[in-house]
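Take a look at the structure set out below.
Nothing in this text is a laboratory measurement; each read-out follows from the coordinates by a stated rule. On a predicted model such as this, the values are computed, not experimentally measured, just so you know. Quick reminder, even Gly has a Cβ in these numbers, built from the backbone with ideal geometry, and neighbours come from all protein chains shown.
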Amino acid sequence: MLQNTPNDWVNRDNLPPPAFNPVPTAFLLEVVAFLRRHRSIIWRTCLAVLGVAILYLIIVTPKFIANAELIINAKTNAWDTAAVTTVVESQIEIIRSDSIARTVIEKLGLAEDPEFATGQGSGMISRLMGWSKPEAKGTIPRYVVESFERKFSAKRVGQTYLVQIAFESRDPDRAAQILNAIAETYITYQMNNAGLQDAAWVKDRLNELSTRASAAQKALEDYSKDQKDTADSSAVSDKLAAAVESSKSAYDNFRHVLRKMQATQEQSSPVFEASLLAGASSPLRASWPKARIVLGAAIVVGAHLGIAIGILLDLLLILSVGRQSRLSAQDEGLERPIPDAVRPDHQPETSAKTRPVRLTGSG
């Protein structure tokens, strides 16, 4: 029976704390040995991947992005965040619309530009397979519009009325030209749809009523100069004066209704006044590819690939050594002398003595 004495507890309390080794030294030594053993493979892999990256930088066509900012002044309550957000997002969708894109494409002749005709082959295949309808004559092909929209982007800057627009192209001057054309087309669209006074039919109607009033007034003045003191001339003069009053009344009434409708429209729906803060200029540097990012990624990928190859070689070496060990063990087992007890041609004397004898007889 075991007994615990007070001395044992005292000795346990006086024992020093166990040593704590925060760094697995053996593991670090193995890592260092691995890197030394396969440093040539890692360096060669890094150089190979770096060479591919340099070749990519030489071959790939650089892309340039031109940037500009639009400001949208809407007559809405500034404290109504939801309304402001709706207004700005709606204008962004108008900027991205197909109508703006087609107007710019037709204005600058981008349908014949090889940069925007990259989807022509896929469009032909789709038409041959019956997946899409053929384009009508005189219209801009859909693949040109899709290529244009992929290169164009518009987003809101924070919670402001600013909208940042950008366009990507192989030619920096072309990118700035297209972006300025987009801004100009959008501003023109907003000006043409800002209010009733800018509508063509309103201007024509005002001119027509003004012309009628002027003509009636001139006719009355001309007749008053040549009038005679007769009853007929008095009746004609009254008719001309009535025509003048009627034409003036129609002109004034139309202007009054126009002002009332415009005031109602301004109160019920926001009026937009878009303007370009600064025209887009040609970008000085390519947005892609960026040499630092490509070369840095190539070095990292090459190092990881070299380490993976080193681990694979070590695994193959371990498998090869294990196989050779098993083969050598089998060879040693075949050369080892077989004991007499297990030889088939050796029989013990006791078995020979006790073997039964078969008796045969004639009868």
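Worth a mention:
- Compared with the direct C-alpha span, the chain from residue 226 to residue 187 gains 8.6 nm at full extension, assuming 0.36 nm per residue.
- Extension gain (nm, one decimal) between residue 214 and residue 304, 0.36 nm per residue minus Cα-Cα: 23.6 nm
- Förster radius 30 Å - calculated FRET efficiency between residue 33 and residue 330 (Cβ-Cβ, nearest 0.05): 0.45
- Two-site label geometry, residue 160 and residue 106: point separation in nm, points 7 Å out along Cα→Cβ: 3.5
- For the peptides 33-40, 139-146, 239-246, residues were scored by their other Cβ atoms within 10 Å and the scores averaged per peptide; the highest-first order is 139-146, 239-246, 33-40.
- FRET efficiency for the pair residue 313 and residue 26, taken as 1/(1 + (r/R0)^6) with r the Cβ-Cβ distance and R0 = 30 Å, rounds to 0.90.
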